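Peer 1: Could you have a look at this structure, given as structure tokens, before my questions?
The values are calculated or read from the model by the stated rules, or taken from the named source; none is laboratory data. In this text, all values refer to a predicted model and were calculated from it rather than measured experimentally. Neighbour counts are summed over all protein chains in view; Cβ atoms, including those assigned to glycine, are modelled from backbone coordinates with ideal geometry. All accessible areas refer to the heavy atoms of the entire protein, side chains included, with ligands and DNA or RNA removed. Shrake-Rupley method; radii C 1.70, N 1.55, O 1.52, S 1.80 Å.
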Amino acid sequence: MATIKIFDTSLRDGEQSPGFSMTLGQKLRVARALAELRVDIIEAGFPAASPGDFEAVKAVASEVQGPTIAALCRTVPRDIERSAAALEPAAHRRIHTFIATSPIHRQQKLQMSREQVLQSAVAGVSLARTFLDDIEFSAEDGIRTERDYLADVLQAVIEAGATTVNIPDTVGYSTPQEMLELFSWLRETVPGIENVTMSTHCHDDLGLAVANSLAAVEGGARQIECTLNGIGERAGNCALEEVVMALRTRADRYGFETNIDTRRLHNASHLLAAVTGNFVPRNKAVVGENAFAHESGIHQHGVLASRETYEIMKPEDVGVLNSQLILGKHSGKAAVIDRAKDMGFELEAHEIAGIMERFKELADRKKRVFDSDLEAIITGNQAHTAGPWSLQWLSVVSRVSGEEDPTASLTLAHENGDTATQTGEGDGPVDAIVKSLESITGMDITVLSLAMRSISLGEDAQGEASMRAMVDGVQYSGHGLSTDIVAACAEALLEIVNRASRHAERVAERGAEAPAEAKSPRRSNAA
Ligand code: KIV
Ligand code: ZN
């Protein structure tokens with residue numbers, strides 16, 4: 001079977017969308033998980049967008065082995081040079097340069113003629129080839145581009161040295177039939193296209209990104225651009241876990257394989273969720289909690305008789321483990337590390353102490369620690385945004401009736417050695433915690449959403465709080481984990497405060513250096 005290349009853009013297209021930004025450490029953690037997943041290409045960022053983005057691409061290029069590391073850039077010389085410089089340390093590297101080709105983008109956004117766009121594309125690819133041999137060109141909004149002109153642009157960039165040509169559905173407008181026809185037509189029409197890789201990059205505005213990517217494969221695409229959990233601009237991109245499992249489960253129809261180690265899909269997806277503070281929806285295909293749960297009697301009966309009655313994939317093939325009960329308070333470090341390894345987590349030396357501390361705390365409070373508890377501790381620990389503030393003490397009084405409002409007293413320690421204690425009153429306990437945090441940090445915090453879920457079974461189950469809040473006009477997300485749900489909310493809020501502090505530092509560090517177009521629309525939100 002021929003192989004479809006999996007190009008992951010979680011760290012670029014995913015990270016640039018509101019609510020999904022990551023710190024450098026978090027990007028490295030996700031990049032390592034992507035390498036363990038064995039994606040073929042990791043698009044690590046957009047180096048010309050800011051010094052922080054440049055450093056992140058460089059760090060991934062230096063520290064992550066295995067996949068090709070790609071960097072995105074416009075077709076302008078400065079962008080291409082920044083990409084080449086950031087990619088320098090990588091063993092395998094790719095410059096990915098793009099320009100919009102559709103009439104609406106040419107006229108309204110770029111104010112360039114067809115000829116100017118074509119020349120810029122060719123100049124960009126030619127310059128990129130002076131640095132590297134592996135060059136991808138994307139015709140942004142390719143789907144809405146006049147066919148003959150798109151074919152001309154692709155032919156010209158192939159002649160200039162592009163080795164992959166990507167035809168994105170930038171606005172998620174296409175349909176599967178249209179994708180099949182367009183890719184088949186391009187494959188038959190563009191001279192030289194048989195010598196390069198055709199790639200697809202679909203957005204999910206109409207919920208068709210996975211279906212469109214599969215249709216592009218049927219039309220001749222041999223690279224799929226996608227992201228973990230389908231994160232990305234607006235409604236997101238094609239979800240990696242879904243498209244990979246569709247190709248695998250329906251190999252009878254598509255006849256392709258990928259290099260992905262599918263047993264790592266579940267962990268990679270949940271790590272990304274924890275890092276960005278966005279839960280994987282319960283009913284999410286492949287990696288959601290309900291993906292292999294059977295509730296109705298008829299379904300349970302069928303599955304007990306034969307799993308294939310209602311399951312088209314095996315849970316273990318995507319890394320969902322069957323075993324439930326694991327460890328207790330007498331379990332030591334070796335047992336925890338071993339169990340984590342069975343679950344697909346290779347713990348790094350520096351994270352073991354933090355994980356063991358959380359594990360012991362939990363095992364003291366809870367009789368039984370489940371796989372899902374351990375997973376939440378590990379991913380929470382890996383995702384944790386190190387920030388200037390830590391919670392030292394918390395006391396909350398909740399009231400159902402009476403005149404007085406709920407109160408929250410808390411003490412925070414700052415990394416500079418200071419501590420501060422404040423008591424706040426609010427409409428509810430979470431609001432009271434917000435008021436105390438506002439008094440200590442001077443930030444203006446508005447909670448936008450709060451979701452709670454139980455991590456495992458029993459009265460003593462851990463609760464996970466996932467929160468989104470606006471801090472000084474910017475959106476952030478945070479998550480917290482505790483057997484006490486109010487404490488879980490406090491942890492989530494603290495993570496938000498820490499993200500806001502780190503973001504303020506990064507904004508200060510990103511000077512006026514970045515080009516306006518690369519910076520502004522992509523960076524209006526954080527966290
Ligand atoms: O959606 C898009 O067109 C993109 C390109 C820059 C590849 O993300
Ligand atoms: Zn995109």
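Peer 1: Taking ALA44 as the residue in question, decide whether it is without any contact (Cβ under 8 Å) to a residue 60 or more places away in the chain, more than 16 Å from ligand 2 (Cβ to nearest atom) and aliphatic (A, V, I, L, M). Full working, then the answer.
Peer 2: Values: without any contact (Cβ under 8 Å) to a residue 60 or more places away in the chain: yes; more than 16 Å from ligand 2 (Cβ to nearest atom): no; aliphatic (A, V, I, L, M): yes.
Spelling it out, it is not the case that ALA44 is without any contact (Cβ under 8 Å) to a residue 60 or more places away in the chain, more than 16 Å from ligand 2 (Cβ to nearest atom) and aliphatic (A, V, I, L, M).
Peer 1: Under the condition of being small (Gly, Ala, Ser) and buried (at least 24 other Cβ atoms within 10 Å of the Cβ), which residue from the stretch 1-18 is farthest from ligand 1 (Cβ to nearest atom)?
Peer 2: Here is the first cut: in the stretch 1-18, the ones small (Gly, Ala, Ser) are 2, 10, 14, 17.
Within this subset, residues satisfying the condition of being buried (at least 24 other Cβ atoms within 10 Å of the Cβ) are 10, 14.
Values: SER10: 12, GLY14: 10 Å.
Looking at residues that are small (Gly, Ala, Ser) and buried (at least 24 other Cβ atoms within 10 Å of the Cβ), I get SER10.
Peer 1: Mind checking which pairs have a first residue in the stretch 386-412 that is in contact (Cβ under 8 Å) with a residue 24 or more places away in the chain and among the hydroxyl-bearing types (Ser, Thr, Tyr) and a second that is open to solvent by less than 50 Å² (accessible area, probe 1.4 Å) and outside any strand (DSSP E or B), Cβ under 7 Å, 6 or more apart or different chains?
Peer 2: SER398/PRO406; SER398/PRO429; THR407/ALA432; SER409/SER436
Peer 1: Scan the stretch 19-57 for residues that are under 18 Å from VAL244 (Cβ atoms) and open to solvent by 10 Å² or more (accessible area, probe 1.4 Å) and jot them down.
Peer 2: Result: ALA33, ALA35, GLU36, ARG38, ASP40.
Peer 1: Please find, within the stretch 156-183, the residue that is surrounded by the fewest Cβ atoms within 10 Å (Cβ to Cβ) out of those that are within 16 Å of ligand 2 (Cβ to nearest atom) and of a type in the set (A, V, I, L, M, F, W, C). Let's see the steps before the verdict.
Peer 2: Pass one, the stretch 156-183, residues within 16 Å of ligand 2 (Cβ to nearest atom): 164-174, 179.
So of that shortlist, the ones also of a type in the set (A, V, I, L, M, F, W, C) come out as 165, 167, 171, 179.
Details: VAL165: 28, ILE167: 29, VAL171: 18, MET179: 26.
Out of the qualifying residues, it is VAL171.
Peer 1: Which residue is farthest from ligand 2 (Cβ to nearest atom), if the candidates are limited to the stretch 142-151 and must be of a type outside the set (A, V, I, L, M) and buried (at least 17 other Cβ atoms within 10 Å of the Cβ)?
Peer 2: Taking the stretch 142-151 as the starting set, the residues that turn out to be of a type outside the set (A, V, I, L, M) are 142, 144-149.
With buried (at least 17 other Cβ atoms within 10 Å of the Cβ) added as a condition, the list becomes 142, 144-145, 149.
Numbers: GLY142: 11, ARG144: 14, THR145: 15, TYR149: 21 Å.
Residue satisfying both the conditions and the ranking: TYR149.
Peer 1: Across the stretch 451-478, what is the total count of residues that are modelled with pLDDT of 85 or more and under 20 Å from the mean Cα position of the chain (by Cα)?
Peer 2: 4
Peer 1: Report yes if some residue within the stretch 223-246 is of a type in the set (Asp, Glu) and open to solvent by less than 10 Å² (accessible area, probe 1.4 Å); otherwise report no.
Peer 2: Taking the stretch 223-246 first, the residues of a type in the set (Asp, Glu) are 225, 233, 241-242.
With open to solvent by less than 10 Å² (accessible area, probe 1.4 Å) added as a condition, the list becomes 225, 241.
Checked the stretch 223-246: at least one residue is of a type in the set (Asp, Glu) and open to solvent by less than 10 Å² (accessible area, probe 1.4 Å).
Peer 1: In the stretch 432-444, which residues are farther than 13 Å from GLN422 by Cβ and crowded, with 20+ Cβ neighbours inside 10 Å?
Peer 2: Of all residues in the stretch 432-444, those farther than 13 Å from GLN422 by Cβ come to 444.
Across the stretch 432-444, there are no qualifying residues.
Peer 1: Would a scan of the stretch 61-79 turn up a residue that is within 16 Å of ligand 1 (Cβ to nearest atom), over 17 Å from the mean Cα position of the chain (by Cα), under 25 Å from LEU110 (Cβ atoms) and of a type in the set (Lys, Arg)?
Peer 2: Looking through the stretch 61-79, at least one residue is within 16 Å of ligand 1 (Cβ to nearest atom), over 17 Å from the mean Cα position of the chain (by Cα), under 25 Å from LEU110 (Cβ atoms) and of a type in the set (Lys, Arg).
Peer 1: Taking the stretch 415-433 on its own, how many of its residues are assigned to a strand (DSSP E or B), touching a residue at least 24 places away in the same chain (Cβ under 8 Å) and either small (Gly, Ala, Ser) or closer than 19 Å to ASP444 by Cβ (or both)?
Peer 2: First, pick out the residues of the stretch 415-433 that are assigned to a strand (DSSP E or B): 419-425.
The next check asks that each one be touching a residue at least 24 places away in the same chain (Cβ under 8 Å); those that pass are 419, 421.
From what's left, either small (Gly, Ala, Ser) or closer than 19 Å to ASP444 by Cβ (or both): none.
The total comes to 0.
Peer 1: List the residue pairs whose Cβ atoms are under 6 Å apart, where the first residue sits in the stretch 88-109 and is in contact (Cβ under 8 Å) with a residue 24 or more places away in the chain, the second is charged (D, E, K, R) and away from ligand 2 (no atom under 16 Å from the Cβ), and the two are 6 or more positions apart or on different chains.
Peer 2: ARG94/ASP134
Peer 1: Of the conditions (1) within 16 Å of ligand 1 (Cβ to nearest atom); (2) open to solvent by less than 50 Å² (accessible area, probe 1.4 Å), GLY277 clears all except one; give me its number.
Peer 2: (1)
Peer 1: Would you please list the contacts, defined by Cβ atoms under 9 Å and residues six or more apart or on different chains, that run from a residue in the stretch 277-305 that is in a helix (DSSP H, G or I) to a residue that is of a type in the set (S, T, N, Q)?
Peer 2: Final answer for the pair search is HIS299/THR309; HIS301/THR309; GLY302/THR309; VAL303/THR309.
Peer 1: Specify which of the listed residues (ALA128, ALA139) is crowded, with 17+ Cβ neighbours inside 10 Å, within 15 Å of ligand 2 (Cβ to nearest atom) and on the phi < 0 side of the Ramachandran plot. Before you say what the answer is, go through the steps one by one.
Peer 2: On the way: ALA128 fails: within 15 Å of ligand 2 (Cβ to nearest atom).
Only one candidate passes the filter, namely ALA139.
Peer 1: Those residues that are assigned to a strand (DSSP E or B) and hydroxyl-bearing (Ser, Thr, Tyr), I need them from the stretch 440-485; list them, please. So that I can check it myself, show each step before the final result.
Peer 2: Within the stretch 440-485, the subset assigned to a strand (DSSP E or B) is 445-454, 463-471, 474-482.
THR446, SER449, SER454, SER466, TYR476, SER477, SER482, listed by residue number.
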